[in-house]
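Let me give you the structure first, and then I'll get to my questions.
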Amino acid sequence: MRGFLITFEGPEGSGKTTMARWLSGFLQGKGYRVLFTREPGGTPVGEAIRALLHAHEHADMTARVEALLFCAARAQLVERVIRPFLAEGGVVICDRYADSTLAYQGYGRGLDLEELRRLNRFATGGLEPDLTFLLDIDVELGLTRRRISGDAWTRLDALELSFHRRVREGYQALAAAEPARWVVIDASQPIEAVQTAILHHLQHRLSLPVPGG
Ligand code: TMP
């Protein structure tokens, strides 16, 4: 039986990591077999690539190298972790996935979207999410939240505001183009309202596998 792949996407400071973790715990509490993972990362190879991508010393990294490294980390995660877990009927919750490459390296950096889609297909072997939550937030509000969160300020966080605006608009365009897969949630709401919206859409969109099955 094939399980379910749920992804969380959004601009910086949208709270998607917190929400993805919370949903993992919630579903686990209901008896589901859940794997929470993140991109870039989730495997030793992926975490090493993440460190490379986030380091300020690599400020001159080209957009193509960036895209290839994100996809390399993704390929490792899909083949070694996500596919085996789905094959056993589990629910995988991933904090960022292929859409991040379209939003950041496509809309943000200006690389060709069709080329990136091909690259994503190569990296994932065509594995697409069953459901994707876009936690949408004003870019300045998100970056402010991130600054005060105490999380590391990465090479990508440090890019100009116009870059982050293009990323947000890119996400909105991706969600509008594929409404059957995406759910857009206003992430400026209080946490409880975001959680309620996530559960509401989850119940309406997915017939999750039987807990423990
Ligand atoms: P975060 O998940 O902690 O936000 O860090 C990941 C950073 O990498 C974030 O700035 C978004 C960026 N990113 C891309 O630019 N492209 C990608 O394909 C992925 C997965 C992340």
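Just need the relative contact order of the chain here, percent rounded to a whole number, with Cα pairs under 8 Å and 6+ apart.
Once normalised by length, the contact order is 33 percent.
Sticking with this structure for a sec: Principal axis lengths of region 1-104 from Cα atoms, whole Å, largest first?
46, 28, 22
Under 10 Å, Cα contacts only: if you run a Gaussian network model on the chain, which one of R165, R118, R109 comes out with the highest mean-square fluctuation?
R118
Report D for region 77-193 in µm² per second (integer): Stokes-Einstein, Kirkwood Rh on Cα pairs, 10 °C, 1.306 mPa s.
101
Just grab the label-to-label distance for R121 and Q189, each label 7 Å out from Cα along the Cβ direction, in nm (one decimal).
The answer from the label model is 3.6 nm.
Summing Lys, Arg as +1 and Asp, Glu as -1, what charge do residues with Cβ under 10 Å from the Cβ of I6 carry, I6 excluded?
Around I6, the charge tally is 0.
Now for a different question. Per residue, how much accessible area does the chain show when a 1.4 Å probe rolls over the protein heavy atoms, in square angstrom?
Computed with neighbouring chains in place, this is 46 Å² per residue.
Sticking with this one: What 222 nm value per residue comes from the helices of the chain, counting each DSSP H run with n ≥ 4 as -39,500 (n - 2.57) and dividing by all residues, nearest 500 deg cm²/dmol?
-14500 deg cm²/dmol
With a Cα-only, solvent-free Debye model of the chain, what are the log10 I(q)/I(0) values at q = 0.10, 0.13 Å⁻¹?
-0.40, -0.70
Ordered by packing density, taken as the mean number of other Cβ atoms within 10 Å over each peptide's residues, highest first, how do 129-135, 193-199 rank?
Descending mean neighbour count gives 129-135, 193-199.
I've got another one for you. Using a probe of 1.4 angstrom, how much of the accessible area of region 4-206 is carbon and sulfur, in percent?
54
The values are calculated or read from the model by the stated rules, or taken from the named source; none is laboratory data. These numbers come from a predicted model, not from an experiment. Note: ideal-geometry Cβ built from the backbone for every residue, glycine included; neighbour counts use all protein chains shown. Remember, those area values only see protein heavy atoms, side chains included, never the ligands or the DNA or RNA. Shrake-Rupley method; radii C 1.70, N 1.55, O 1.52, S 1.80 Å.
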